[in-house]
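Beneath this line is the structure, given in structure tokens, with notes to follow.
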Amino acid sequence: MSPPLRVNPQPLSLSPRQRKDPTTTKMARSNFSVLTILSVILLLPVLSLSFSPASPSDRRLLVLLDDLSLKSSHSIFFNSLKSRGFDLDFKLADDPKLALQRYGQYLYDGLILFSPSIERFGGALDLAAVLDFVDSGHDLIIAADSSASDLIKSVATECGVDFDEDPSALVIDHRSYAVVGTEGDHTLIAADDFIESDVLLGENKIEAPVLFKGIAHSLNAANNLVLKVLSASPAAYSANPSSKLSSPPLLTGSSISLVSVVQARNNARIMITGSLDMFSNRFFRSSVQKAGSPKKYDKSGNEQFVTELSKWVFHERGHLKAVNLRHNKAGETDEPAMYRIKDDLDFSVEIYEWSGKSWEPYVANDVQVQFYMMSPYVLKTLSNDKKGLYHTSFKVPDVYGVFQFKVEYNRLGYTSLLLSKQIPVRPFKHNEYERFITAAFPYYGASFTMMAGFFIFSFVYLYHK
């Protein structure tokens, strides 16, 4: 993507005599206006591709490579992104002109790091810039391998995963390796332990194992936002395949994650893997047979797995929006300025999911609304009409104060929703109470009993000798 055209605020250098000449000054101003208009026209195509709530999928992706030859060796993956409407900008990771933002505006919506060996990014890009990019709600794919640098490992650590500290270690599995012509060192893994989630991996089941060759990583136990999408088998471990084990490996079994994802609290999405080869044309087209299995697949599951997961990462699936949050008294349509205790009210909200091309009604049975003041006084599950409208009715509690209608929706793989609307609740006015309150009948009875007792006592005391 070509950088936006910068207009010099002093386009022409004028001599003192020229500055005094009104004709020259007028021409200079005219030239400046023309340049300004041209710069705006050139910027329009760039701005039109920007992230929009009406179309949440990222459109502009910066792809950083160690070697430009990756454009051809991983072309199937890149062409898949282009066919889905993404604009890919390929650059070397040490390009001195690298920048994610300009004049306070981000130039890209997503970042793909296919540069595992880079020790230092070029230009204005560094670890802090990448983290700020994610903190601003943008998405990230990180692919490492055995040459992973401390910089790439640091980015991954900040995202909630830790790569094996041994630079020579690879994932080894003597049970779930891919059968090849030669015996090999069992570092080519045929992995099929996928997370069970249609929103992450699509509705079509991935039948063939995924080929993986690379380094292991583990999840940070303190980070509850990171998920294992593809796990190693219980027999796997991380070690140097060319040397004998002198001590037990630090990473073993299903604690090893081959591919992980993170959805941050700002709904930014991150994919992390220790195998850059997993995205390659060679692995996409390769046949695969898992050790111990008689079934051989003509094509590995890599292409389907990577394509479906990238749809999730770039918000083509699992992206929700909530609109038209409404509430009103039962039998009315207008939203009141406040409610009275014990009022009957109706609540509704519309929720839609982005399908990659349009907004479709989101259908679920676990969306709830809270009527909240310090703690929820009412918690109701919303009914839906299969067209995106969620609704319920309830009675305002017998407590007055400032309440909130609050919808907090967090579901695996979906963007989180947090909606709130404040509304005051007042008590009854003095003229709104019932004339005789049923709950006060014992007090009424006590009063009249006291009056009758006093009358009888007075009569007996006065007239009895």
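The values are calculated or read from the model by the stated rules, or taken from the named source; none is laboratory data. All values reported here derive from a predicted model rather than from experimental measurement. Neighbour counts run over all protein chains shown; Cβ positions are idealised from the backbone, glycine included. Surface accessibility is based on the protein's heavy atoms, side chains included, excluding ligands, DNA and RNA. Shrake-Rupley method; radii C 1.70, N 1.55, O 1.52, S 1.80 Å.
Between a first residue in the range 296-324 that is open to solvent by 10 Å² or more (accessible area, probe 1.4 Å) and a second residue that is among the basic types (Lys, Arg) and assigned to a helix (DSSP H, G or I), which pairs have beta carbons less than 6 Å apart while being 6 or more apart in sequence or on different chains?
So the pair list comes out as 317/311.
Does residue 81 meet the test of being crowded, with 18+ Cβ neighbours inside 10 Å, over 25 Å from residue 119 (Cβ atoms) and touching a strand residue (DSSP E or B) at 6+ places or on another chain (Cβ under 9 Å)?
Yes; evaluated as a whole, the condition is true for this residue.
Applying the selection to the range 126-163, what residues are assigned to a loop (DSSP other than H, G, I, E, B) and in contact with a helix residue (DSSP H, G or I) (Cβ under 9 Å, 6 or more places away or on another chain)?
Once the filter is applied, which keeps residues that are assigned to a loop (DSSP other than H, G, I, E, B) and in contact with a helix residue (DSSP H, G or I) (Cβ under 9 Å, 6 or more places away or on another chain), the range 126-163 yields 126, 144, 145, 148, 159.
Output the number of residues of the range 337-362 satisfying the condition of being surrounded by 14 or more Cβ atoms within 10 Å (Cβ to Cβ), without any contact (Cβ under 8 Å) to a residue 60 or more places away in the chain and not acidic (Asp, Glu).
Final tally of qualifying residues: 7.
Kindly check whether there is at least one residue in the range 385-403 that is closer than 16 Å to residue 346 by Cα, free of Cβ contacts under 8 Å to residues at least 24 places away in the same chain and either hydroxyl-bearing (Ser, Thr, Tyr) or in the same structural domain as residue 343 (by TED's automatic domain parsing) (or both).
yes
I need the full set of residues from the range 235-276 which are in contact (Cβ under 8 Å) with a residue 12 or more places away in the chain, among the charged types (D, E, K, R) and surrounded by fewer than 18 Cβ atoms within 10 Å (Cβ to Cβ), in order please.
If the condition is that a residue be in contact (Cβ under 8 Å) with a residue 12 or more places away in the chain, among the charged types (D, E, K, R) and surrounded by fewer than 18 Cβ atoms within 10 Å (Cβ to Cβ), then 265 is the only one that fits.
Do you know which residues across the range 95-148 are of a type in the set (Gly, Ala, Ser) and within 23 Å of residue 212 (Cα to Cα)?
Those that are of a type in the set (Gly, Ala, Ser) and within 23 Å of residue 212 (Cα to Cα): 115, 117, 143, 144, 146, 147, 148.
Okay, residues lined up against (1) assigned to a loop (DSSP other than H, G, I, E, B); (2) open to solvent by 30 Å² or more (accessible area, probe 1.4 Å); (3) touching a Cys at 6+ places or on another chain (Cβ under 9 Å); (4) under 30 Å from residue 353 (Cβ atoms):
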| residue | (1), (2), (3), (4) |
| --- | --- |
| 200 | no, no, no, yes |
| 204 | yes, yes, no, yes |
| 215 | yes, no, no, no |
| 218 | no, no, no, no |
| 229 | no, no, no, yes |
